[in-house]
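S.K.: Shown below is the structure under consideration.
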Amino acid sequence: MKNQDMKNILVPLDGSDTSKKGLEKALYFAKLSGASITGVHVVVVYPTLAATVTKYRDFVTKKAEKMLDSTKDYCKKQDVKFTFKILHGKPASSIAAFAETQKMDLIIIGSRGVGGLRGTILGSVANTVVQKSKVPVLVVK
């Protein structure tokens, strides 16, 4: 892929150190190519009692919005265009589908997020995104 061909970079963000490293790598590529960055956060809510799920979903969504707004400000200071989207569902499937439907040129994802077991070499979300995505994926450690 030539630099001028890369215009849209997708970065899944969950607040983990590796997702922040993914953002830094995306900023590097965006500055080289003039690409814009789209950050996504996937809210996962497991069904239990409807009222509890709604309150929890609202809480997690607001928390994600604050993180992504802060990230947008950070990218603006770096002179890189940043937009974001909050998705709901299974993280890996949602990320891969969003990347394809939004015609992203590259996904840059942290090797491990906030979930899962410590010591996992490649997190289950990152691994599944690599397997499912029709868009090139760069995994950052």
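S.K.: Could we say that residue 113 is surrounded by 14 or more Cβ atoms within 10 Å (Cβ to Cβ) and at pLDDT below 95 here?
M.R.: For residue 113, the condition - surrounded by 14 or more Cβ atoms within 10 Å (Cβ to Cβ) and at pLDDT below 95 - is met.
S.K.: When the residues of the range 5-44 are filtered to those that are exposed (fewer than 15 other Cβ atoms within 10 Å of the Cβ) and hydrophobic (A, V, I, L, M, F, W, C), which remaining residue is modelled with the highest pLDDT?
M.R.: Selected residue: 32.
S.K.: Now for a separate question. Looking only at the range 73-95, count how many residues are in contact with a strand residue (DSSP E or B) (Cβ under 8 Å, 6 or more places away or on another chain) and either acidic (Asp, Glu) or within 22 Å of residue 124 (Cα to Cα) (or both).
M.R.: The qualifying residues number 9.
For (1) touching a Phe, Trp or Tyr at 6+ places or on another chain (Cβ under 8 Å); (2) at pLDDT 95 or above, each residue gets a yes or a no:
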| residue | (1), (2) |
| --- | --- |
| 3 | no, no |
| 54 | no, no |
| 85 | yes, yes |
| 96 | no, yes |
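S.K.: Let me ask you something else. Please go through the range 75-96 and pick out each residue that is part of a helix (DSSP H, G or I) and loosely packed, with under 15 Cβ neighbours inside 10 Å.
M.R.: Of the range 75-96, the ones part of a helix (DSSP H, G or I) are 75-77, 91-96.
Residues satisfying the conditions are 76, 77.
S.K.: Shifting gears a bit: Can you confirm whether residue 18 is polar (S, T, N, Q), in a helix (DSSP H, G or I) and more than 15 Å from the chain's Cα centre (by Cα)?
M.R.: Against the criterion (polar (S, T, N, Q), in a helix (DSSP H, G or I) and more than 15 Å from the chain's Cα centre (by Cα)), residue 18 does not qualify.
The values are calculated or read from the model by the stated rules, or taken from the named source; none is laboratory data. This one's a predicted model, so the numbers in the text were calculated from it and none came from an experiment. We place every Cβ from the backbone using ideal geometry, glycine too, and count neighbours over all the protein chains shown.
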